[in-house]
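Notes to accompany the following structure.
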Amino acid sequence: MPESMRALVADKVGEPADVLRLESRPVPTPAAGQALIRVKATPIHASDLHVIRGRYGFTPEFPTVGGHMECVGRVEALGPDTEGLTIGERVVAVAVPAVPGPHVAGTWQEHLVADTRRLLSVSGDLSDSSACQLAVNPLTALLLVTRELDVQPGEWLLQTAAGSTVGRLIIQLCGHLGIRTINVVRRRDAVAEIKALGGDEVICTEDEDLLQRVAEIAGPGGVRKAVDCVAGPVGAQVSQALAPGGKVVVYGALSTHRQTDPAALTIPLSARSLIYETKTVRGFWLNRWFGTTSAEDALHALSEVRSLVADEVLTIPQGQPFPLERFAVAIALAEAPAHGTKPLFVFDDGRDNDGSQGVRR
Ligand SMILES: NC(=O)c1ccc[n+]([C@@H]2O[C@H](COP(=O)([O-])OP(=O)(O)OC[C@H]3O[C@@H](n4cnc5c(N)ncnc54)[C@H](OP(=O)(O)O)[C@@H]3O)[C@@H](O)[C@H]2O)c1
């Protein structure tokens, strides 16, 4: 086992391009209840960058190793008296540092220690790209559709940023469950792709009026359930488009990213529509869900996601692999318009677990 390893560290709160640097750190030693993981692949989510900017739901102590969401790797060592895992086992680690309880360190490093209660065993059939993105977005899609909104077969679900990774997973899950989707995208180019993926209806805000189109599609009954990750005026329109008694779950605020004017960080809701049509606007945050769910139930939900992926109900788009040294390019890509699939940091030789050569960039 090497004594030192590479880690991508942010010295202080700031713009990731300015504060991140590659560092050599000692390989950590697992304590009781922990495993040492050799990381194979880990994604760059926009939320990882917001953590570094100090603009997420929690702020870690700095300096901090980046990547506060998820990774896949192999167990290299176990802490004293630690059972339930074997050396060499392939696992997904879910980092939920914002809440008390089981903990996983930043994932943008070659080795990390993780509480074994946050590790899900995954088979070799699942590629590294899929495995390292299994926890956050697919689990969010599953929880939003089946728990938060309990959408029933035949019902409409309205969603924004339908071309996002979460949005695509929601389309696939809804198709499987017989739920009809109305998908909002901002770019004309995305329309055909969303339809090909199984989206029942697509509204392009570049060309169409959201309220008018939802009324045309859903008819006088309207849409009773929606999920929104754009916020701002688009989120407001989604709440307006709801039928009386309808509910929208807000789980992201893409239109507020990089905004600093407090007025740009809002969802300007219509008080009259909320009151007289008794609508509900509610938030969802996976970190908080982990904080209010037992580790056993969380692993159970994750294993449900693992089965949906194994059964090819959910297909996680193949990520774009980068070595850690190319972090500046990877990080810029993570938030670029029309960036496509997730940039991933990959370790070792850049090969996927199934042996296929990942794209080296
Ligand atoms: N609350 C939670 O626990 C939770 C969990 C998971 C994800 N999320 C949130 O879910 C959202 C999607 O995440 P992801 O990883 O799936 O994203 P992603 O794969 O990186 O995709 C981002 C998508 O958002 C679209 N977009 C970006 N800015 C937009 C804007 N201002 N208006 C409309 N569309 C915009 C992009 O459209 P283009 O293709 O046109 O560029 C792209 O399709 C993020 O806000 C993320 O933080 C929240």
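The values are calculated or read from the model by the stated rules, or taken from the named source; none is laboratory data. Keep in mind that this is a model prediction, so the values were computed, not measured. Reconstructed Cβ throughout: ideal geometry from the backbone, glycine too, with neighbour counts over all protein chains shown. Protein only, heavy atoms only, side chains kept; ligands, DNA and RNA dropped before computing areas. Shrake-Rupley method; radii C 1.70, N 1.55, O 1.52, S 1.80 Å.
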Return a yes/no flag: does segment 160-174 have any residue that is open to solvent by less than 60 Å² (accessible area, probe 1.4 Å) and more than 16 Å from the ligand (Cβ to nearest atom).
no
How many residues does segment 37-57 hold that are touching a helix residue (DSSP H, G or I) at 6+ places or on another chain (Cβ under 7 Å) and not charged (D, E, K, R)?
8
Which numbered condition Asp18 misses (of (1) open to solvent by 20 Å² or more (accessible area, probe 1.4 Å); (2) in a strand (DSSP E or B)):
(2)
I'm checking my understanding of the structure. Among residues of segment 175-186 that are in a loop (DSSP other than H, G, I, E, B) and farther than 19 Å from Ala236 by Cα, which one is farthest from the ligand (Cβ to nearest atom)?
Gly178
Quick check on segment 321-350: of everything there that is assigned to a loop (DSSP other than H, G, I, E, B) and away from the ligand (no atom under 15 Å from the Cβ), which residue is surrounded by the most Cβ atoms within 10 Å (Cβ to Cβ)?
Phe347
Would you check which residues across segment 146-156 are within 15 Å of the ligand (Cβ to nearest atom) and touching a strand residue (DSSP E or B) at 6+ places or on another chain (Cβ under 7 Å) and list them?
Glu148, Leu149
Are any of the residues in segment 90-104 in contact (Cβ under 8 Å) with a residue 60 or more places away in the chain, within 20 Å of the chain's Cα centre (by Cα) and over 26 Å from Gly252 (Cα atoms)?
no
I'm trying to understand the selection: among the residues of segment 21-44, which are part of a loop (DSSP other than H, G, I, E, B) and either more than 14 Å from Ala328 (Cα to Cα) or not assigned by TED's automatic domain parsing to the domain that holds Leu112 (or both)?
Val27, Pro28, Thr29, Pro30, Ala31, Ala32, Gly33
Every residue in segment 48-76 that is surrounded by fewer than 19 Cβ atoms within 10 Å (Cβ to Cβ) and of a type in the set (D, E, K, R), please.
Arg53, Arg55, Glu61, Arg74, Glu76
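Name every residue in segment 188-209 that is part of a loop (DSSP other than H, G, I, E, B) and more than 13 Å from the ligand (Cβ to nearest atom), in order of residue number.
Within segment 188-209, Gly198, Asp200, Asp207, Glu208, Asp209 meet the criteria.
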Condition check for Val145: open to solvent by less than 10 Å² (accessible area, probe 1.4 Å) and part of a helix (DSSP H, G or I)
yes
With the first residue restricted to segment 224-248 and required to be basic (Lys, Arg), and the second required to be in a strand (DSSP E or B) and within 12 Å of the ligand (Cβ to nearest atom), Cβ contacts under 9 Å at 6 or more apart or on different chains are Lys225/Val249; Lys247/Arg282
